[in-house]
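The values are calculated or read from the model by the stated rules, or taken from the named source; none is laboratory data. For clarity, every value in this text was computed on a predicted model and none was experimentally measured. For neighbour counting, all protein chains shown are included, and Cβ atoms are generated from backbone atoms with ideal geometry for every residue, glycine included.
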Amino acid sequence: MNWLTEHKIPLGDWMELFVDWLIEVAGGFFDLLSEVIENIILFLVDTIEMVPPLLVIAIILVGVWFLHRSIGLLVFICASLLLILNLGYWLETVQTLVLVVSATFISVLIGVPLGIAAAHRPWLYTMLRPILDLMQTIPTFVYLIPTLILFGLGYVPGLISTIIFAIAAPIRLTYLGVSKVPSELIEAGLAFGCTKSKLLYKVELPAAMPNIMAGVTQCIMLSLSMVVIAALVGADGLGKPVIRALNTVNISQGFEAGIAIVLVAIMLDRICKSRSSSKEG
Amino acid sequence: MSVVSIKNLDVVFGDNQAETLELMDEGKNREQILGATGDVVGVQNANLDINEGEICVLMGLSGSGKSTLLRVVNGLNTAARGQCLVRNGDEMVDMTSCSEATLRHMRTHRVSMVFQSFALMPWLSVLDNVAFGLEMQGMSKADRQTKAMQQLEMVGLEQWAHKKPDELSGGMRQRVGLARAFAMDTDVLLMDEPFSALDPLIRSQLQDELIELQKKLNKTIIFVSHDLDEALKIGSKIAIMESANIVQQDIPEKIVLNPATKYVERFVAHTNPLNVLKGDSLMTPISALSQVSAEPQDKSSAYSLTNLTIQVDEKGQLQSATDNNGTVTITEYITGFDVNSLTTSDVVVAPADIAMRDAVEIRYQTKRPVLLQRAGRFVGILDDHDFYHALLGKHFSSTT
């Protein structure tokens with residue numbers, strides 16, 4: 001027993017050595033990456049900020065109307081955005097939206113092709129599964145530390161952490177959708193002369209689309225759930241006032257920022273969800 | 001020349017194909033091979049030729065390998081050994097060994113398929129579903145929509161063109177499946193239990209429609225079914241499969257009359273012979289009739305039946321018929337004859353290949369036996385005994 005505790009396996013030290021080695025070898029690369037991503041996000045936030053908030057709300061409403069043609073949804077979104085504006089969280093909301101949308105965009109960009117590849121190659125999914133489990137279960141703060149070291153303070157470590165946490169959803173659901181395409185549809189595709197790529201684009205992806213859309217919706221929700229943690233490493237957004245309120249035991253600020261986060265979550269969920277369900281029907 | 005020709009074809013599912021083939025050659029059966037190598041024998045040594053315009057029905061219980069064999073013809077299943085030749089213009093292409101490109105050419109231009117579960121793409125409109133294969137042929141959008149619309153008109157669904165498949169009933173969906181396959185203009189059509197998922201009335205309606213379409217289009221059709229009545233109705237040739245083997249292949253009537261094995265016999269016992277059997281395979285032949293005092297000076301003869309005596313001259317032609325009340329008119333039956341106009345004062349002479357259903361109808365109207373002739377010569381009669389014989393399925397049973 002003593003022997004066992006005295007000879008500790010230096011797992012933590014190894015990890016630290018690995019991160020040190022990464023910084024030494026690719027520090028410049030990570031700095032550059034960090035710089036580029038930070039600038040893109042800042043540019044997006046600044047652009048939206050330049051437009052008067054009421055005009056932005058109007059543009060969002062027009063977009064939602066064309067997507068869903070639902071008066072109820074329109075009224076809800078209009079009221080929510082006006083309330084956020086009134087509470088004084090407009091800038092933070094824009095920052096959060098940009099962060100969530102960028103994280104989702106990158107997750108989908110990587111996750112959907114990976115999900116398709118995994119569905120076609122069982123060995124790849126066997127390899128991916130423990131990694132995905134790890135990414136979803138490991139406490140966020142644990143990988144927040146190395147991302148902080150690698151990317152510095154700001155939007156980027158928040159974005160990277162968000163992607164690590166949220167990317168499993170599009171991968172899993174794309175995998176599920178593509179591997180669950182009814183075999184008779186695959187057979188029909190082949191029997192009518194599909195090539196491999198035609199089979200993917202004309203049969204497998206359309207058949208898997210409801211699942212893929214569910215993956216995107218989930219990805220957005222998971223990204224949003226990371227805003228407070230992203231704020232800890234310096235990403236601006238609705239998480240910041242929550243953290244500030246926690247530090248100063250400010251009930252009113254915490255409640256207002258919390259309400260804003262909830263409203264953003266419900267709006268994004270409704271906009272995405274009914275889109276995917278109307279496609280099914 | 002045959003359009004599809006299957007030669008010594010074996011299909012094996014599993015990873016130990018070489019070993020399995022060896023065991024098959026040693027004469028081991030399916031269960032023994034499954035136990036020894038873990039492989040499943042799908043089809044064993046199949047030989048089948050299908051000619052142009054034929055509807056060949058592959059019949060058997062589920063798991064007998066009929067769908068497996070069908071799927072070899074368009075390359076959805078690969079063969080372990082043997083050939084499956086399909087006509088491509090003037091040459092025959094072996095679907096088991098051709099290149100990817102050839103396979104795709106065959107699928108887009110020579111062989112199309114209808115599925116049991118319809119296999120329509122739920123996200124495409126009915127029209128786009130019918131146009132699906134045309135898109136794979138590389139046809140332009142406008143052309144394929146026009147053509148798909150024509151096919152929909154052919155199956156009577158043009159008003160449903162812009163609906164989604166799930167808004168249609170089962171029967172309509174399978175019509176879309178038929179239209180999609182017919183749109184390809186292929187010579188060969190594979191149909192994998194296309195009507196099995198439909199309710200009986202719709203099924204028989206679609207069978208009739210298929211028979212009508214076939215008259216116009218003259219395709220070569222391979223049709224999988226587990227229902228012998230369906231096979232007898234639409235098939236011009238039936239191949240019966242039992243645990244991976246073709247146990248008998250023949251024209252429908254021969255299958256019903258001479259089942260090769262107990263297995264086939266069991267199938268046949270559950271069918272309605274009225275639709276299949278022809279008069280001459282059931283009749284009491286002339287040699288078995290009781291002859292009355294033939295007069296030696298002429299070569300004519302007379303036969304005595306129940307309540308009826310018939311005279312036949314030396315060429316074998318029917319001369320006259322008499323009963324207790326005197327001479328009876330002999331009416332000649334030809335296909336399409338209105339049986340309801342017959343009365344009890346008629347006696348009917350019909351061609352020997354009359355369908356049994358028609359013969360029963362005549363018997364019912366005239367209350368007399370039906371006389372049969374072939375090429376002008378009297379060959380036999382159909383009487384109650386013959387009908388009961390057929391209806392009870394005694395014509396093939398070894399116990400008679």
Those residues that are farther than 20 Å from B:LYS66 by Cβ and acidic (Asp, Glu), I need them from region B:249-291; list them, please. B:GLU253, B:ASP280
So, in region B:124-133, exactly how many residues are more than 7 Å from chain A (Cβ to nearest Cβ) and surrounded by 24 or more Cβ atoms within 10 Å (Cβ to Cβ)? 4
Of the residues in region B:139-149, those that are over 20 Å from A:LEU185 (Cα atoms) and either within 11 Å of chain A (Cβ to nearest Cβ) or touching a residue at least 12 places away in the same chain (Cβ under 8 Å) (or both) number 4
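A quick yes/no check of all residues on (1) at positive phi; (2) in a loop (DSSP other than H, G, I, E, B); (3) buried (at least 17 other Cβ atoms within 10 Å of the Cβ):
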{"site": "B:GLY336", "(1), (2), (3)": "yes, yes, no"}
{"site": "B:THR343", "(1), (2), (3)": "no, yes, no"}
{"site": "B:VAL348", "(1), (2), (3)": "no, no, yes"}
{"site": "B:ASP353", "(1), (2), (3)": "no, yes, no"}
May I ask you to list pairs of residues, at least six apart or on different chains, whose Cβ atoms are under 6 Å apart, with the first in region B:22-40 being loosely packed, with under 14 Cβ neighbours inside 10 Å and the second being outside any helix (DSSP H, G or I)? B:GLY38/B:GLY14
Over region A:39-75, the set of residues at pLDDT 90 or above and outside any helix (DSSP H, G or I) is A:VAL51, A:PRO52
With respect to B:GLU193, determine if the residue is acidic (Asp, Glu) and not assigned by TED's automatic domain parsing to the domain that holds B:ILE55. no
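Among helices (runs of 4 or more DSSP H) lying entirely in region B:1-79, which contain 3 or more residues that are more than 30 Å from the chain's Cα centre (by Cα)? Please lay out each step first, then the result.
Values: elements: B:17-25, B:30-37, B:66-73.
Helices (runs of 4 or more DSSP H) meeting the threshold: B:17-25, B:30-37.
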Being touching a Cys at 6+ places or on another chain (Cβ under 9 Å), within 10 Å of chain A (Cβ to nearest Cβ) and surrounded by 15 or more Cβ atoms within 10 Å (Cβ to Cβ) is true for just one of B:MET136, B:MET113, B:MET121. Which residue is that? B:MET136
Is one or more of the residues making up region B:80-95 over 16 Å from B:VAL3 (Cβ atoms), crowded, with 23+ Cβ neighbours inside 10 Å and more than 9 Å from chain A (Cβ to nearest Cβ)? no
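Examine region B:181-190 for a residue that is within 24 Å of B:ALA79 (Cβ to Cβ), among the small types (Gly, Ala, Ser) and not assigned by TED's automatic domain parsing to the domain that holds B:LEU76, and state whether such a residue exists.
At the first step, the residues of region B:181-190 found to be within 24 Å of B:ALA79 (Cβ to Cβ) are B:181, B:184, B:186-190.
Subset that is among the small types (Gly, Ala, Ser): B:181.
Narrowing further to those that are not assigned by TED's automatic domain parsing to the domain that holds B:LEU76: B:181.
Among the residues of region B:181-190, at least one is within 24 Å of B:ALA79 (Cβ to Cβ), among the small types (Gly, Ala, Ser) and not assigned by TED's automatic domain parsing to the domain that holds B:LEU76, which makes the answer yes.
Condition check ((1) part of a strand (DSSP E or B); (2) under 29 Å from the mean Cα position of the chain (by Cα)) across all residues:
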site	(1), (2)
B:MET113	yes, yes
B:PHE118	no, yes
B:LEU124	no, no
B:MET149	no, no
B:HIS162	no, no
From B:GLN365, B:GLN373, grab the single residue that is of a type in the set (S, T, N, Q) and surrounded by fewer than 18 Cβ atoms within 10 Å (Cβ to Cβ). B:GLN365
Note: among B:GLN317, B:GLN297, B:GLN291, just one is at pLDDT below 85, exposed (fewer than 11 other Cβ atoms within 10 Å of the Cβ) and either among the aromatic types (Phe, Trp, Tyr) or over 30 Å from B:GLU242 (Cα atoms) (or both), namely B:GLN297
Please give the number of the condition B:ARG173 fails out of (1) under 18 Å from B:GLU209 (Cβ atoms); (2) of a type in the set (D, E, K, R); (3) facing chain A (nearest Cβ under 9 Å). (3)
From the list A:ALA245, A:ALA257, A:ALA230, which one is more than 23 Å from A:GLY111 (Cβ to Cβ), surrounded by 23 or more Cβ atoms within 10 Å (Cβ to Cβ) and away from chain B (no Cβ under 14 Å)? A:ALA257
Show the residue pairs meeting these rules: Cβ distance below 6 Å; 6+ apart or different chains; first residue within region A:261-281 and farther than 16 Å from A:GLY215 by Cα; second residue at pLDDT 90 or above. A:ILE261/A:LEU238; A:LEU263/A:SER80; A:MET267/A:ILE77; A:MET267/A:SER80
Within region B:186-225, which residues are outside any strand (DSSP E or B), within 28 Å of B:HIS105 (Cβ to Cβ) and of a type outside the set (S, T, N, Q)? B:ASP187, B:GLU193, B:PRO194, B:LEU210, B:LEU213, B:LYS216, B:LEU217, B:LYS219
Region A:71-86, residues that are of a type outside the set (Phe, Trp, Tyr) and touching a Lys or Arg at 6+ places or on another chain (Cβ under 9 Å): A:LEU73, A:ILE77
For region B:86-111, what are the residues that are in contact (Cβ under 8 Å) with a residue 40 or more places away in the chain and either outside any strand (DSSP E or B) or among the aliphatic types (A, V, I, L, M) (or both)? B:VAL86, B:MET92, B:THR96, B:THR108, B:HIS109, B:ARG110, B:VAL111
Taking the stated definitions as given, is B:ALA197 within 14 Å of another protein chain (Cβ to nearest Cβ), small (Gly, Ala, Ser) and crowded, with 18+ Cβ neighbours inside 10 Å? no
Applying the selection to region A:72-103, what residues are farther than 16 Å from A:ILE261 by Cβ and either of a type in the set (Asp, Glu) or crowded, with 19+ Cβ neighbours inside 10 Å (or both)? A:SER102
Can you confirm whether B:GLU158 is out of contact with any His (no Cβ under 7 Å at 6 or more places or on another chain) and without any contact (Cβ under 8 Å) to a residue 12 or more places away in the chain? yes
